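Reading through the structure tokens given below for one structure.
Coordinate-derived values only; no laboratory data. Quantities reported herein were computed from a predicted structural model and do not represent experimental measurements. Virtual Cβ from ideal backbone geometry, glycine too; neighbours counted across all protein chains shown.
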Amino acid sequence: MPATFDSADLRAIVLVEGISDQVALETLARRRGLNLDAKRISVEAIGGAQAVGRFLTRLVEQGTDVRLAGLCDVAEKDDFRRGLERAGFGSHLSDADMERLGFYVCVEDLEDELIRALGGASVESVLATQGDLGPFRTLQKQPAWRGRPTEEQLRRFMGSGARRKIRYAKLLIDALDLARVPRPLDRVLAQVAEAG
């Protein structure tokens, strides 16, 4: 666990796979007026879905009564499910069971959720403000990506570098109409906001 992690000081913890997920949820909380520090809520990037079992087991062993939640990509849903089961949160957990426990799954991944919520044209506008429209157009011309839907191209562009994912997580959340927040992000924040 990160050196700053101390569940004794927290009311709620959201476990996410990586830093881009953490940045997105912290930015969304800020935009909604949810002061995570004041509410003693932490969004923890665990360094990949395979680590979730270790985090959950440690929290259970600490005997903490902190409210838990989580967000993952669909490809990592089974890692989160197994982690929850190994930590004693149930067996043969369905998707509905996971949501009841506060763990939500993105349809594909964070970038897919945000691109669909904003729409391709709005995401391209954000790229333009960052000087990335030219590099994106270059990707669109590559044989492997030519003719594919813009949303797929944007997802590939966002995912082509960890720093880009992190930077655009904040930018896309900032551009998002708060009435169109993707369900997994909306629900996972609601889950922990109730703890405060």
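What does the net charge come to around residue 94 if you take all other residues with beta carbon closer than 12 Å to its beta carbon, with K and R at +1 and D and E at -1?
Result for the neighbourhood of residue 94: -1.
For the pair residue 177/residue 140, report the inter-label distance in nm, with labels modelled 7 Å from Cα in the Cβ direction.
So the label points at residue 177 and residue 140 sit 2.2 nm apart.
Which angle between 0 and 90 degrees, to the nearest 10, do you get for helix 120-129 versus the longest principal axis of the chain when only C-alpha atoms count?
Helix 120-129 sits roughly 80 degrees off the main axis of the chain.
Suppose R0 equals 30 Å. What FRET efficiency, 1/(1 + (r/R0)^6) with r the Cβ-Cβ distance, do residue 62 and residue 94 give to the nearest 0.05?
The pair residue 62/residue 94 has a calculated efficiency of 0.65.
Which residue fluctuates most in the GNM of the chain (Cα springs below 10 Å): 18, 47, 131?
131
Output wanted: per-residue J couplings in Hz (rounded whole) for region 82-87, from phi through Karplus 6.51 cos²θ - 1.76 cosθ + 1.60, θ = phi - 60°, x for Gly and Pro.
Couplings: 4, x, 5, 5, 4, 7 Hz.
Just order 112-121, 57-66, 147-156 by mean Cβ neighbour count inside 10 Å, highest at the front, would you?
With the highest mean Cβ count within 10 Å placed first, the list reads 112-121, 147-156, 57-66.
At residue 194 and residue 151, where each label point lies 7 Å from the Cα along Cα→Cβ, what is the point-to-point distance in nanometres?
Here the answer is 2.9 nm between the modelled labels.
Against the longest alpha carbon principal axis of the chain, how many degrees, from 0 to 90 and to the nearest 10, is the axis of helix 52-61 turned?
Taking Cα atoms only, the helix is inclined about 20 degrees.
Taking amide H positions as placed in the peptide plane 1.01 Å from N, state which residues far from residue 103 in sequence (5 or more) or on other chains have amide H under 5 Å from it.
Counting only residues 5 or more places away or on other chains, the set is 70.
Angle between the Cα long axis of helix 162-175 and the longest principal axis of the chain, 0 to 90 degrees, nearest 10?
Approximately 90 degrees, to the nearest ten.
With unit charges on the beta carbon (Lys/Arg positive, Asp/Glu negative), name the residue among 20, 89, 66 whose Cα is farthest towards the positive pole of the charge dipole of region 1-91.
66
Test of understanding: in a Gaussian network model of the chain with alpha carbons linked when under 10 Å, which of 38, 75, 29 would top the mean-square fluctuation ranking?
It is 38.
Between residue 125 and residue 32, what is the FRET efficiency for a Förster distance of 30 Å, r being their Cβ-Cβ separation, to the nearest 0.05?
Details: r = 22 Å, r/R0 = 0.75.
FRET efficiency, residue 125 to residue 32: 0.85.
Quick one: Karplus J couplings for region 131-146, per residue in order, coefficients 6.51, -1.76, 1.60, θ = phi - 60°, nearest Hz, x for Gly and Pro?
x, 9, 5, x, x, 5, 4, 4, 4, 4, 7, 5, x, 5, 10, 4
Size of the dipole of the chain about the Cα centre, Lys and Arg at +1 and Asp and Glu at -1 on the beta carbon, nothing else charged, in debye to 20?
Working: 29 positive and 30 negative charges, 106 e Å.
That gives a dipole near 520 debye.
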